[in-house]
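Notes for the one structure printed next.
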Amino acid sequence: MKRTLQLVLTGTAVFVCISAAFAQEIPARAGTVAAEKSGELPAPKPAVDSVDIAKKLANPIANMISVPLQYEFNRGVGLNQGGSEQTLLFQPVMPFNLGGGDTFIVRPIVAGVRETSVQYAPGRSYSAYGIASVTLESFYAPNTNSSWIWGIGPYAQSPSGNSGHFGSQQTGAGVTAVVLNREGPWTYGLLGYQSWNVGGNPAYGTQNNLYGQPFVAYTTKTAWTATVNMEALYNYDTHRTSNPLYAGVSKLFVIDGVPISIGGGPMYYVSNTPGGPSGWGARATATLVILK
């Protein structure tokens, strides 16, 4: 009997403690919710959809701010094809909402170049580094209410004090355009521009160029993206085409809520201009995504 009484008293005490704790939890949680709604406490951050962001990075006119850095190494540069070239591209993508789903995308591109042992005349070579050019691409992209989207806008390129070692000393102006489709994990399309010379020294090449870049990308459910593209640049004055083929993979990581894509792969010049890169090369990219 005494043992039964002890069990009853103990059970009653535990029940009273649990009830008291539960009664305190309800107003405490209610107070937290009220504080979140009033703005006194920050609301939980929404989860970052890494797969969606990886797919948008494959779309050059996606409505998303990104800051890519692209490093490229090429061989076979110069008259004897004995030199090498390293290029670093800084090419942020800045979209502006126009309302109704329409956007205007601005993409400035700054190219820094380092060339080593490049022969420019028999028995004469140089090693140098500098800014190759500053390019401005822009696209007006209307809302198509479809998986197919397109964009078009003005294009401009400035030699930016280029000594002639890193390309044309002319200024170019023209039009750039893109059309692409987003179908499930696939993103594929064609980006290009037409540029005309509007002044400058033609001794180191002209800006009378036609550029075309067909591309296809496949994004997995784990935010890996495989990409293949071909960047054909035809010059009307030399009647020659530089045509590197690139194939690479990238992975999107989310670090403390910040999406970052890291990727790379080999490239091969199917054709090249005289003195330009030839043979095999490589490319590596790092892209920071800024969420709105």
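The values are calculated or read from the model by the stated rules, or taken from the named source; none is laboratory data. None of the values given here were measured: they were computed from a predicted structure. With ideal geometry, Cβ positions are generated from the backbone for all residues, glycine too; neighbour counts draw on all protein chains shown.
For the range 278-288, check the following and say yes or no: at least one residue is in the same structural domain as Ile109 (by TED's automatic domain parsing), closer than 20 Å to Gly167 by Cα and not in a strand (DSSP E or B). Among the residues of the range 278-288, at least one is in the same structural domain as Ile109 (by TED's automatic domain parsing), closer than 20 Å to Gly167 by Cα and not in a strand (DSSP E or B), which makes the answer yes.
Considering only the range 274-292, state which residues are under 23 Å from Pro60 (Cα atoms) and either over 25 Å from the mean Cα position of the chain (by Cα) or of a type in the set (S, T, N, Q) (or both). Selection gives Thr285, Thr287.
Residue-level analysis places Asn63 outside the set of residues that are within 24 Å of Leu191 (Cα to Cα), loosely packed, with under 15 Cβ neighbours inside 10 Å, in the same structural domain as Trp186 (by TED's automatic domain parsing) and among the polar types (S, T, N, Q).
Within the option set Gly123, Gly164, being at pLDDT below 95, in contact with a helix residue (DSSP H, G or I) (Cβ under 7 Å, 6 or more places away or on another chain) and not polar (S, T, N, Q) holds for one residue only, Gly164. The set of residues from the range 203-256 being out of contact with any helix residue (DSSP H, G or I) (no Cβ under 6 Å at 6 or more places or on another chain) and among the small types (Gly, Ala, Ser) comprises Ala203, Gly205, Gly212, Ala217, Ala226, Ala232, Ser242, Ala247, Gly248, Ser250. Only strands (runs of 3 or more DSSP E) whose full extent lies in the range 53-101 are considered here, and the ones with at least 3 residues that are farther than 20 Å from Gly264 by Cα and at pLDDT 95 or above are 94-99.
Selection within the range 159-191: residues that are in contact with a Leu (Cβ under 7 Å, 6 or more places away or on another chain) and surrounded by fewer than 21 Cβ atoms within 10 Å (Cβ to Cβ). The member of this set that is nearest to Tyr218 (Cα to Cα) is Tyr188.
For Val175, the conditions (1) part of a strand (DSSP E or B); (2) under 19 Å from the mean Cα position of the chain (by Cα); (3) not charged (D, E, K, R) are fulfilled apart from (2).
When the range 178-208 is filtered for residues that are assigned to a strand (DSSP E or B), β-branched (Val, Ile, Thr) and touching a Ser or Thr at 6+ places or on another chain (Cβ under 7 Å), only Val198 remains. Counting only strands (runs of 3 or more DSSP E) wholly contained in the range 215-262, the ones carrying 3 or more residues that are in the same structural domain as Ser195 (by TED's automatic domain parsing), surrounded by 14 or more Cβ atoms within 10 Å (Cβ to Cβ) and in contact (Cβ under 8 Å) with a residue 40 or more places away in the chain occupy 224-230, 240-255. The set of residues in the range 271-289 that are on the phi < 0 side of the Ramachandran plot and at pLDDT below 95 comprises Ser271, Asn272, Thr273, Pro274, Gly276, Pro277, Ser278.
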